[in-house]
Every structure is written in C-alpha cells, then in structure tokens.
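Engineer: For reference, the structure I am asking about is given below.
The values are calculated or read from the model by the stated rules, or taken from the named source; none is laboratory data. This structure is a prediction, so every number in the text was calculated from the model and none was measured. Quick reminder, even Gly has a Cβ in these numbers, built from the backbone with ideal geometry, and neighbours come from all protein chains shown. Quick note on the areas: whole protein, heavy atoms, side chains included, nothing else; ligands and nucleic acids left out. Shrake-Rupley method; radii C 1.70, N 1.55, O 1.52, S 1.80 Å.
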Amino acid sequence: GDLLGRGDCPFSQSVIFALEEMGKPYQLSFVPLDPIPNWYYDIYPTGQVPLLTDDATIIEDSASILQHLISLKPSTKNEKRLRMCSNDVETSAMALSNMQRHLLDWVREAGSGLNNSKKSYDSKARENLLFDLNKLELMLVRFTQKSSPFLGGNSPCLVDVSIAPTLHHFDVVTKHLTTGSGVDDNSLGPATREYLSYLYSYGSFQKSQPPENVIIEGYGNVMSGKEPLDKKRIVWDVNY
C-alpha cells in the first residue's frame, strides 16, 4: 500500500516499522471504516483492527502482532529477526506504556484551551506527557550512545519500534499545530532529539512513515473535537 493510504495510526506504523526492519515480505490491505465490508467479516467476524494473518494464524492488536513477529525466524538470507530489548530496557519502558494515550489527552486538552482563554494548562494531561518525555530522555541517556543509537543497540528492538511512532507524532504535532499549552518541541531533551534525528535517517523507519500532512490532519481533528484519529483499518499478510 502507499504511504498516504496508511493513515496516521502510530500502532499501525509500529508494525510496518517492524516488518520493514525484519525484511519480511508483507501485503497491506485497507478496510473502509464505514461500512466494514463483508469480506473482512468473513476473515475476522468481530471486525476489530489492526489484524495480521500468517498462514492460518490470525492476530489482532499491535502489541500481540509485534510479539508474534518476534517469534518468527528468518526464512531467507535477506530477513532478520526482530529482537527483544535487554531486561533493563524492557522494565524501564513499562513506564511509557501509555505515552500515546497521554499524547492524545494533551492534544484534546490543548484544543479545549484554545477556545477558552481562562483555561489552565497545569493539567494532568500535560503533567503525564511531560513525565513520559522526561522518562524517555533518561532512558536514552542511560541505554544509548553514538555507536549504539537505538535502545536495542545498533538496530531497533521491540521497544524502539513501539515508541518511535508516538515520538514522531509528538514532533510533528508540536512543529505544525498551535497548542498554546506550554509543551512544545523544546520539551524534548538532547538525547531524545538525537534519537529522533537518527530515526529520521534510518531506512526502515522512513519506509513506515505516513506523510506529515496526514498526521497533522489527524491530530488537528482531535484538537478540534472531531475524533477519532483517522485510524485506517489495516490488515497485514506476512506471507505475500
């Protein structure tokens, strides 16, 4: 599928990032939101997304899909395994499990504040997001270095592919949408900025990125109260 058609969902981007990093051939299928076509219900009666099919195996939810991808062994010399991070990184990353939700909460709060001059931004949403960004900065300072720029070392691990899309979305939102909430791209620490810079130059991440205008439109809708994000329904078939 083309990048524009992938929508702005960071969870979908995580799976695409992982598949590209693994060098695993896959096919993307896009499912209209309204109405969901009958062919999709034939595959998966609940209609939930995202979804991955691998032979007769059907897996829903991006976290479960990533766990499945970790279990796959390379089938050709051009493929490689997606790795788990070290136990210390995995443990530290547990504190960031709600970062995407905190980003959305903050965008909603910012949108509400723009229409209310008396709105205070000393909110839980802002506090949660700043905590996440500070926690990420401390993790990157501890676990990365110039010779090993990822949390997985020289190449991305599960935590990298999970958090990178949300961090990318934050970067796009703060550069292109006026929030007036005291959280902006200056909220990123130097290690996080360096990590982002490396991500943007990394081939498999580049191939997973939707265009910035798609991300901006999606979060603009959230800010204006037109929710949800345009989470295009995506099905991956890794046996393409």
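Engineer: Which net charge results when you count Lys and Arg as +1 and Asp and Glu as -1 among the other residues whose beta-carbon is under 11 Å from that of Asp185?
Structural biologist: Numbers: positive: Lys175, Arg193; negative: Asp171, Asp184.
Summing Lys/Arg as +1 and Asp/Glu as -1 gives 0.
Engineer: Another question, if that's okay. Please give the net charge around Arg81, taking every other residue with its beta carbon less than 11 angstrom from that of Arg81, where Lys and Arg add +1 and Asp and Glu add -1.
Structural biologist: Details: positive: Lys24, Lys73, Lys80, Arg83; negative: Glu21, Glu79.
Net charge in that neighbourhood comes out at +2.
Engineer: By average Cβ neighbour count within 10 Å, what is the ranking of 87-93, 151-157 from highest down?
Structural biologist: On the way: 87-93: 15.1, 151-157: 19.6.
Result, highest mean first: 151-157, 87-93.
Engineer: Give the carbon-plus-sulfur fraction of the accessible surface of region 1-106 in %, rounded to a whole number; probe 1.4 Å, heavy atoms of protein chains only.
Structural biologist: Values: 2820 of 5380 Å².
Roughly 52 percent, rounded to a whole number.
Engineer: So, by mean Cβ neighbours within 10 angstrom, what's the order for 13-20, 78-85, 204-211 with the highest one leading?
Structural biologist: Details: 13-20: 24.6, 78-85: 15.8, 204-211: 19.0.
Peptide ranking by packing, descending: 13-20, 204-211, 78-85.
Engineer: If you rank Tyr26, Tyr41, Tyr219 by how much accessible surface each has, with a 1.4 Å probe, what is the order from largest down? All intermediate terms of the calculation are to be shown ahead of the outcome.
Structural biologist: On the way: Tyr26 40, Tyr41 90, Tyr219 0 Å².
The most accessible residue leads, giving Tyr41, Tyr26, Tyr219.
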